[in-house]
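K.L.:
My questions will all concern the structure given below.
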Amino acid sequence: MFTPSRSVSVTDGTRSRLATVRALVASPLKRRSRAARAAVRTAARWQLHRWRGSLQLRVIVSTMLLGLIVVLGLGSYLYQRIADGLVNDRILTARAEATSQARAAQSRFDSAGRLDAVSLTQLAFDVVGQLSSPGADKSREVILTRARSNTGRANVPTVLSGDVGLPSVPARLREAIAADPSHQQVQIISISSTNGGTVPAAIVGSRVTLPAAGQYELYFVFPLEREQQTLRVVARTFALGGIALVLLVGAVAYVVTRLVVDPVRRAALVAERLSSGRLHERMRARGEDDIAKLGKSFNAMADSLQKQIRQLEDLSRVQQRFVSDVSHELRTPLTTIRMAGDLIHDSRHDFDPSVARSAELLHNEIDRFESLLSDLLEISRFDAGAAALDVEATDLRATIARTIESTAALAARGGSRLEVIPTDGPCVAEIDPRRVERILRNLVVNAVEYGEGRPVRVQLGLNENAVAVSVRDSGVGLRPGEAALVFNRFWRADPARARTTGGTGLGLAISREDAALHKGWLHAWGEPGVGSCFRLTLPRHTGIPIERSPLPLRPEEERSAARLAPDPPDPPYRPAAASGGARS
Ligand code: ADP
């Protein structure tokens, strides 16, 4: 029955369903090809890593490649020479054979009795049959054909001794014979072999004269099958020899590089151990060769390094001991001086004004001396490795609150407002609260000291494995390079600067030691006239390392973080104890 053709309209719904089906079919394929590409990339990266990381691999592969190039070049040159020699030899013998056979044929034609076409044809068949190689080896085939310029009366047809026909004779060869009939001509052609393929052959042509029939061309075809076989054997031998040679070169490179690379690897291992503090590690240095000399020089260097490090350690121990002893020794007289000073200070109103002023100065300097002594004792405890953490889970908001409380009076005196920007919710970390409070107090006191009366902002932040507190001021700031120096003992940007709180120059050094004891970081940033920021970052749990700090250090980082997170900042956190007191 005839069905009228219908036009099918594809609606949007159909189209989207088709797209879904297509996506469903394509997605596993896409996923598989993506996985394959990723696997190839990983394998390539791994190979590159191995290539870069192993000198031995590089030497072996390069030596083998060079060996391969030499073997290929030399092999193909030798093969060519052998092939040329074989073919030339064969051509020489073919020429000699063809000359004598052509002469024999000519004398048979010359002595022909009957000169009619049938007799001459019979004679031609006889002669060609005799000239071709006897038996089935077909080492020589013969073609007798009328020369193109022949105008003789009797016509003898082309006579072939075997399968090689007249089309196998190149036209150029025939032309060459026509041009120079008195000389033999040779060419290499390709003929079909008995096993169906082709085989090269030397074809030697010359002229013979048939009585009454005129000029004829006589061709001898010498297949080069045996030479080809010989060359095949030579090529196979060369290939096997070449492969064996390249493998041998690779093996030699492996052995030689092992002899050199092994001691170098051992030296690298020993050097690594030495740098990790195992100063007794030495290389094995036996024999008289270059490697043994390297080992001996390496060991001599390690001996000398060890000696110098020991000397420095001893010296440093003596210095630390000295500082510690002096500090301890000074404590007793200082206590006496303190008591006497306090007594004088308390009775200063009974003295005349100049003596009262001296009593006040004495009192301040004793305070300063006391704090310097306690800082020195603290530093000696760090140096002696006697400082230990007293860890407890602490909410850093409380620590900040205590810090603000203890520094509020100083801030009020300096005219600085203390602002605290905490996190949303508690911020608990496993810390030593006494040490962290000491760090924060030092940072806030410094910010007030160098903040030139401008507000000081204390910010609290946390991420998966770290908590951070940053103290930012807008005071004198730090010159380039000073951010790294501020943690040095007794370093001051301006040694002549009068300290209102009597800083010792050890505060930040102690703070950094405290942070390091927590496996935390203490970083500084500053710009002259813009201000400074000190950021303390601590792990939330002991033993879990920090990956990144939750708070920015530089203002530009802060700005870009703000751009990334457009949410409004948390309302300023006012700890109960510090409320009001944090403001000047
Ligand atoms: P101290 O404050 O007792 O001198 P510190 O170790 O606390 O010792 O500080 C070392 C030096 O670092 C200070 O003398 C000062 O030059 C510099 N410094 C510390 N904090 C700040 C800051 N907030 N702004 C500018 N410079 C600072």
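Laboratory data are not the source of any read-out in this text; all were calculated from the coordinates shown. The structure presented is a predicted model; accordingly, all values stated were derived computationally and were not measured. A quick note on method: Cβ atoms are made from the backbone with ideal geometry, for glycine too, and the neighbour counts reach across all protein chains shown.
K.L.:
Using packing as a proxy for protection, rank 328-336, 443-451, 398-406 so that the peptide with the highest average count of other Cβ atoms within 10 Å comes first.
P.N.:
Ranking, from highest mean packing down: 443-451, 398-406, 328-336.
K.L.:
Something else: Subtracting the Cα-Cα distance from 0.36 nm times the residue separation, let me have the gained length for SER276 to ASP346 in nm, one decimal.
P.N.:
Taking SER276 through ASP346 to full extension adds about 19.5 nm, to one decimal.
K.L.:
Would you mind getting me the FRET efficiency between GLU288 and ALA386? Use the beta-carbon distance for r and R0 = 51 Å, nearest 0.05. It would help to have the intermediate numbers written out before the result.
P.N.:
Working: r = 50 Å, r/R0 = 0.99.
Efficiency for this residue pair is about 0.50.
K.L.:
Further, regarding this structure: 5 Å is the cut-off here: which amide hydrogens, built 1.01 Å from N in the peptide plane, fall below it relative to GLY526, excluding neighbours closer than 5 in sequence?
P.N.:
LEU478, CYS533
K.L.:
Given the Cα-Cα distance of ALA179 and ARG34 and 0.36 nm per residue of separation, how much length would full extension add, in nm?
P.N.:
On the way: separation 145, 0.36 × 145 = 52.20 nm, distance 7.06 nm.
Going from the current span to full extension adds 45.1 nm.
K.L.:
Using a cut-off of 19 Å between alpha-carbon atoms, which aspartates and glutamates can reach LYS307, once sequence neighbours fewer than 8 places away in the same chain are excluded?
P.N.:
GLU272, GLU281
K.L.:
Please report, in whole Å³, the volume per residue of the convex hull around the C-alpha atoms of segment 85-231.
P.N.:
105
K.L.:
How large is ³J(HN,Hα) for each residue in segment 275-285, as worked out from phi by the Karplus curve 6.51 cos²θ - 1.76 cosθ + 1.60 (θ = phi - 60°), to whole Hz, x for Gly and Pro?
P.N.:
Computed from phi, the couplings for segment 275-285 are 5, 8, x, 8, 6, 8, 5, 9, 8, 7, 10 Hz.
K.L.:
Order of CYS533, CYS427 from fewest to most other C-beta atoms within 10 Å?
P.N.:
CYS427, CYS533
K.L.:
Please report Rg (one decimal) and Dmax (integer) in Å for the Cα set of the chain.
P.N.:
Gyration radius and largest Cα-Cα distance of the chain: 51.6, 172 Å.
K.L.:
Given Cα pairs under 8 Å that are at least 6 residues apart, what percent is the relative contact order of the chain?
P.N.:
10
K.L.:
Let me ask you something else. Between the DSSP loop rule and a limit of at most 14 other Cβ atoms within 10 Å, which chymotrypsin sites (Phe, Trp or Tyr not before Pro) in segment 336-425 are left? Provide the component values of the computation, followed by the final result.
P.N.:
Details: sites: PHE351, PHE369, PHE382; in loops: PHE351.
Filter output for segment 336-425: PHE351.
K.L.:
Sorted from fewest to most neighbouring beta carbons within 10 Å, what does the list SER549, SER107, SER374 look like?
P.N.:
Least to most surrounded, the residues fall as SER107, SER374, SER549.
K.L.:
So what does the Cα-only Debye profile of segment 346-398 read at q = 0.16, 0.19, 0.24, 0.32 Å⁻¹, as log10 I(q)/I(0), no solvent term?
P.N.:
These q points yield log10 I(q)/I(0) values of -0.69, -0.76, -0.90, -1.06.
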